[in-house]
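The values are calculated or read from the model by the stated rules, or taken from the named source; none is laboratory data. Since this is a predicted model, take the numbers as computed values, not measurements. All Cβ positions, even for glycine, are placed from backbone atoms using ideal geometry, and neighbour counts span all protein chains on display. For accessibility, only protein heavy atoms count, side chains too; no ligands or nucleic acids. Shrake-Rupley method; radii C 1.70, N 1.55, O 1.52, S 1.80 Å.
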Amino acid sequence: MHKIRCISGFMLITCLLMTGCTKEKTEVQGETTVVSTDEKVESQGKDDVVLDDEKNIAAITAVLEHDYTVPNEEYIKSWENLTKKYDEIYENDAEGTVYTSDPTEGTPEREAYMDFFKKAYGPYFTDSEYDFYINSLALHPHHMGEDYSYEIKVLDIQVIKSKNPNTPLTYDFTVLVEYTKKGEKSMEFKITGDAICPEEGKIGRIRFLDDGGLQKQDQ
């Protein structure tokens, strides 16, 4: 029998962070956008919901800052250490070993890796959306790639509460970023999307509707 091994960043993220959340996949402007379906988010038109807009906008802004500041040295270090731990385990296991669960479970390397996400994203999401969102990060190539020959800087973030009275918990956002690859001229991209905050300062759903072509630069 052959060993079961995690062979890519996408598989590793899925193995570590897959949850039982209900998910819905939709096509938006030619890009695949993954959206969680949270009942509490869907019923956002209730009159008795009063939230602090400043806290909600701050939470959305913080997540966007993390998403589009690349590379992140802390992330790279934790990712590389975890990868080395996998290699160490595979090199020292017995021939014919079959892994039915993640072999790094309980190791300091995995704990450090998970702690990065908890610190970076945990404070800004509802519990169910945090699990879902971290799992879906595998869809963002600039978080998973091993080629750090480029950097992405956030130039501006605009978060505006929806003016639609039927969606009082929704906030539309626009992110302007600068993408610079070594030896090439910098380019700017505009990312748009929206987020719903069913709890004060907590995101219950976030969607990236258009990345302006940024994803194609990472491929």
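For residues that are open to solvent by less than 30 Å² (accessible area, probe 1.4 Å) and part of a strand (DSSP E or B), scanning just segment 138-156, find the one that is modelled with the highest pLDDT.
Filtering segment 138-156 for residues that are open to solvent by less than 30 Å² (accessible area, probe 1.4 Å) and part of a strand (DSSP E or B), the one modelled with the highest pLDDT comes out as Ile152.
What pairs can you find where one residue is in segment 152-164 and of a type in the set (Ser, Thr, Tyr), the other is outside any strand (DSSP E or B), and their Cβ atoms are less than 9 Å apart, with a gap of 6+ or different chains?
Ser162/Pro168; Ser162/Leu169
Here are Leu51, Leu82, Leu64: which of them is modelled with pLDDT of 90 or more and either closer than 23 Å to Gln215 by Cα or part of a loop (DSSP other than H, G, I, E, B) (or both)?
On the way: Leu51 fails: modelled with pLDDT of 90 or more; Leu82 fails: either closer than 23 Å to Gln215 by Cα or part of a loop (DSSP other than H, G, I, E, B) (or both).
Leu64 is the lone residue from the list that is modelled with pLDDT of 90 or more and either closer than 23 Å to Gln215 by Cα or part of a loop (DSSP other than H, G, I, E, B) (or both).
Conditions (1) crowded, with 16+ Cβ neighbours inside 10 Å; (2) of a type outside the set (Gly, Ala, Ser); (3) farther than 18 Å from Asp67 by Cβ, marked per residue:
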site	(1), (2), (3)
Val159	yes, yes, no
Asp172	yes, yes, no
Leu176	yes, yes, no
Tyr179	yes, yes, no
Lys182	no, yes, yes
Phe189	yes, yes, no
Ile196	yes, yes, no
Glu199	yes, yes, yes
Ile203	yes, yes, no
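Taking only pairs six or more apart or across chains, which ones have beta-carbon atoms under 6 Å, a first residue in segment 101-112 that is closer than 16 Å to Asp87 by Cα and in contact (Cβ under 8 Å) with a residue 60 or more places away in the chain, and a second residue that is open to solvent by 50 Å² or more (accessible area, probe 1.4 Å) and not basic (Lys, Arg)?
The qualifying pairs are Asp102/Cys15.
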